[in-house]
Structure formats: structure tokens, C-alpha cells
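This report concerns only the one structure given below.
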Amino acid sequence: MGKRTPLYDRHVAAGAKIVDFAGWDMPIHYGSQVDEHHIVRTDAGMFDVSHMRAIDLRGCDAQPWLRRLLANDVAKLTLPGKALYSCLLSDAGTVIDDLIVYFFTPTYYRIVVNAGTADKDIAWMRSQATGFNIDLSPHPQLAMIAVQGPQARERFWTAFPQARAETELLHVFQAVERAFGKGEHWLIARTGYTGEDGFEITLPAEDASAAWDALLTTGVKPCGLGARDTLRLEAGMNLYGQDMDETQNPLESGLSWTVDMKDARRDFIGKSALAVRQDAGALRQFVGLVLLDRGVLRSHQKVITPQGDGETTSGSFSPTLNQSIALARVPAGVKPGDEVQVEIRDKLLRAKVVKPPFVRNGKPLI
């Protein structure tokens with residue numbers, strides 16, 4: 001038996017198929033992964049993401065510590081509640097994890113890391129805290145619910161009308177903290193992992209079931225991790241452990257936009273290793289693939305190009321496009337519009353190179 005979120009009983013009662021995910025017993029679907037995918041693209045669905053780990057960072061050195069720890073630069077965050085996506089890098093410039101950090105004051109931030117890497121991340125962070133006046137406080141007692149889709153915000157406000165005034169004006173990648181539920185603070189963020197609008201709500205575990213039920217009454221449908229994966233793939237969003245890990249760097253994982261080298265005085269962990277890699281040139285490209293022949297793209301399939309071989313990192317059937325799609329790491333020189341071959345079950349099938357994302361806000365982009 002794996003670890004269970006505060007909403008586990010709700011999933012079982014709803015008939016979810018439970019699978020192991022990073023040591024957690026999580027719902028993969030509630031009957032139809034494809035139906036759940038379309039619900040999020042057309043209406044509103046919700047995901048239990050309570051296995052993610054929230055960490056509060058406080059202290060007078062919080063900002064300088066984060067500027068050294070992360071490849072992206074938190075100095076860009078000046079508006080309370082504003083969020084930043086970044087990679088946590090090793091000294092070798094490889095990806096320990098990807099995460100989101102929320103700014104509230106220069107001495108108070110909230111960091112959210114992935115479930116399967118949480119313990120590793122926290123240990124790495126603490127190992128890099130020597131000489132900094134900071135305090136890291138993980139919050140395993142918190143739950144998280146993601147409400148996603150074109151109708152997600154309206155349905156959230158129907159369930160929680162008292163939150164509308166404070167959340168209606170939130171920009172994308174911005175959050176607000178407010179007293180809610182049983183008097184404890186909720187963090188309501190206009191973020192997500194589906195390519196659709198919506199909120200991710202971090203709340204006390206004891207509030208989670210009531211919040212889930214309130215959203216159900218407004219017509220928000222429960223969705224499992226299966227739909228979450230096809231949605232994020234269509235949106236061109238990386239999955240740690242597939243699209244990047246501690247053997248890959250962000251420059252060759254479609255994440256160069258999260259590496260901020262503008263301030264020459266800022267020496268973040270992994271910077272020198274990335275600079276060497278950049279100077280060496282011929283960086284591998286991170287691209288999208290659309291299969292032209294019949295078949296299904298999966299991860300770790302060989303991609304054959306005129307410039308050399310590459311590999312798919314994530315792949316699946318796209319319910320929105322009704323085609324098989326993938327993300328792939330390929331040699332330098334491969335560009336959108338090129339035709340390549342993918343080795344699937346000892347056959348070479350044709351695929352077209354495209355620039356991700358494939359779908360955003362319900363609309364195909366290829």
C-alpha cells in the first residue's frame with residue numbers, strides 16, 4: 001500500500017482505478033481517460049495533486065539564496081503572489097527537478113516541488129543553505145486541488161463566491177493567500193498543468209473533502225492522472241523523469257527559457273556547466289512530433305533524422321488532435337516541417353517535426 005492523499009476515500013467512492021504513482025495510491029481515471037481529457041478541454045475538471053509538496057521559505061536571505069539555487073531569477077518577482085517556473089540544477093547543470101516558486105515578500109516564498117522528488121529536493125536545498133539565514137518548512141499536511149478548463153474559474157466561484165473578489169483579477173502565474181475554510185489560509189493560484197485556464201488550490205487537509213464536494217456540486221468532474229498526462233503533453237509541458245532528469249540539462253530539454261543568465265554577477269548552481277555546454281555548440285533540439293503513419297508514439301523510441309539519431313521523451317495518442325504525438329530530443333539542425341522516422345516495434349514510421357505546444361486553450365496549434 002502506498003501513501004494516500006486526504007482525498008483517497010473520495011476517489012475510491014467514485015470508482016476510480018487506483019495505481020501507484022511515485023509511491024502514492026492515485027486515481028489514473030474514473031472510467032474513461034479520454035472523456036476526462038475532453039472535459040478539461042471543453043468545460044471543467046479537477047485533479048487531486050495533494051502528492052505534490054509545498055515548502056515555505058522564510059528568512060532575510062531568502063531571495064539571495066533562491067537566486068543562487070535556481071536557474072531562473074527570482075529577482076524578477078516583485079508583485080506579491082507572482083509565480084516563477086524554474087529548474088533546480090546540479091553542479092553539472094543537469095535537472096534535479098522542475099518547480100514553481102511564489103513570491104510574497106523578499107523574506108517569504110512558497111516553493112512547490114514534484115511528488116517523486118520531494119525528499120531529494122529538500123535534502124539538496126538544505127545542503128545548499130550553509131551561510132544563509134533561511135528556514136525551510138515543508139508542509140506534508142496540506143492538500144492540493146487543480147481545477148482546470150475553460151469553465152474552471154466560473155465553477156470555482158460558484159462553489160466559493162466569497163473568493164471571487166480576491167481571485168477574479170489574478171493574472172496567469174499569480175496567486176493569493178486568504179483565510180478560508182476553517183480559518184486556515186488557502187493559496188489560490190492561477191496556474192496549471194493542462195494548457196487550460198483555472199486554479200490550483202493549496203489548502204489544509206481537513207478542508208480538502210468539503211472543497212472537493214463543493215466543486216462536484218457545481219459540475220466540475222473528477223479527472224485522473226491519465227488525462228493529466230495527455231493534457232500536459234498536448235500543451236508541450238515537460239514531465240520530470242521522462243522529458244528531463246539528472247542526466248539532461250535544461251538547454252536540451254526545451255527549457256532554455258527558464259535559464260536566466262542576464263545578470264552576469266549572479267552565479268547560480270550549474271551556471272558554469274551550462275555556459276561550457278553553450279560554448280561547445282551543436283545543442284540538441286527539443287521538438288514535437290506528429291506521427292504520419294498508423295501507430296502510437298511512446299517514450300524512448302528512436303528518432304532517425306538526416307543529422308543523426310534522437311529519442312522520444314514522452315509520447316501518446318492525442319484525444320484533441322486524434323493523432324499520435326510526442327516530445328523528442330533530436331540532433332541540432334532538425335527543424336519544424338522536417339520529416340523524420342520513428343522506430344516503433346521494429347518498423348520505421350514517418351513523423352513530422354513541429355514546434356510545441358500542440359494544443360493550448362482548447363485550440364489545435366499545428
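The values are calculated or read from the model by the stated rules, or taken from the named source; none is laboratory data. Here the structure is a predicted model, which means the values were calculated and not measured. Neighbour counts run over all protein chains shown; Cβ positions are idealised from the backbone, glycine included.
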Only one of (1) over 18 Å from the mean Cα position of the chain (by Cα); (2) surrounded by fewer than 23 Cβ atoms within 10 Å (Cβ to Cβ) is not met by Leu66, so which one is it? (2)
The residue that is farthest from Phe21 (Cα to Cα), considering only those in segment 117-145 that are within 23 Å of the chain's Cα centre (by Cα), surrounded by fewer than 14 Cβ atoms within 10 Å (Cβ to Cβ) and small (Gly, Ala, Ser), is Ser137
Checked against (1) surrounded by 19 or more Cβ atoms within 10 Å (Cβ to Cβ); (2) out of contact with any strand residue (DSSP E or B) (no Cβ under 6 Å at 6 or more places or on another chain); (3) β-branched (Val, Ile, Thr), Thr247 satisfies every condition except (1)
I need the full set of residues from segment 315-324 which are in contact (Cβ under 8 Å) with a residue 24 or more places away in the chain and either more than 19 Å from the chain's Cα centre (by Cα) or crowded, with 22+ Cβ neighbours inside 10 Å (or both), in order please. Gly315, Phe317, Ser318, Pro319, Thr320, Leu321, Gln323, Ser324
Please go through segment 338-359 and pick out each residue that is of a type in the set (Lys, Arg), modelled with pLDDT of 95 or more and farther than 30 Å from Thr42 by Cβ. Lys347, Arg350
Could you give me the residue pairs with C-beta distances under 6 Å whose first residue belongs to segment 251-266 and is more than 28 Å from Thr313 (Cβ to Cβ), whose second residue is modelled with pLDDT of 95 or more and surrounded by 16 or more Cβ atoms within 10 Å (Cβ to Cβ) wherever it lies, and which are 6+ apart or on separate chains? Arg266/Arg67
If Ala123 passes every condition in (1) without any contact (Cβ under 8 Å) to a residue 24 or more places away in the chain; (2) assigned to a loop (DSSP other than H, G, I, E, B) but one, which one does it miss? (2)
Of the listed residues (Val287, Val334), the one being assigned to a loop (DSSP other than H, G, I, E, B) and of a type outside the set (Gly, Ala, Ser) is Val334
Take the conditions over 16 Å from Met237 (Cβ atoms), in contact with a Ser or Thr (Cβ under 6 Å, 6 or more places away or on another chain) and free of Cβ contacts under 8 Å to residues at least 60 places away in the same chain and apply them to Val342. Does it pass? no
Can you find, within segment 19-33, the residue that is farthest from Arg232 (Cα to Cα) among those that are surrounded by fewer than 19 Cβ atoms within 10 Å (Cβ to Cβ) and more than 21 Å from the chain's Cα centre (by Cα)? Gly31
Taking Ala83, is it small (Gly, Ala, Ser) and more than 18 Å from Ile188 (Cα to Cα)? no
Being more than 18 Å from the chain's Cα centre (by Cα) and either under 27 Å from Asp243 (Cα atoms) or assigned to a helix (DSSP H, G or I) (or both), is that true of even one residue in segment 169-190? no
Please go through (1) farther than 17 Å from Arg284 by Cβ; (2) in contact with an Asp or Glu (Cβ under 9 Å, 6 or more places away or on another chain); (3) part of a strand (DSSP E or B) for Ser314 and return the number of the only condition it doesn't satisfy. (1)
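Inspect segment 236-249 for any residue being in a helix (DSSP H, G or I) and not assigned by TED's automatic domain parsing to the domain that holds Arg41 and give the result as yes or no. Step through it out loud before you land on a result.
Within segment 236-249, the first condition is being in a helix (DSSP H, G or I), and the residues that meet it are none.
Scanning segment 236-249, I find no residue that is in a helix (DSSP H, G or I) and not assigned by TED's automatic domain parsing to the domain that holds Arg41, so the answer is no.
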Pull up segment 325-366, narrow it to residues that are among the small types (Gly, Ala, Ser) and under 11 Å from Leu289 (Cα atoms), then point me to the one that is surrounded by the fewest Cβ atoms within 10 Å (Cβ to Cβ). Gly337
When segment 126-168 is checked residue by residue, the ones that are within 23 Å of Asp48 (Cβ to Cβ) and in a loop (DSSP other than H, G, I, E, B) are His139, Pro140, Gln141, Gly149, Pro150, Gln151, Phe160
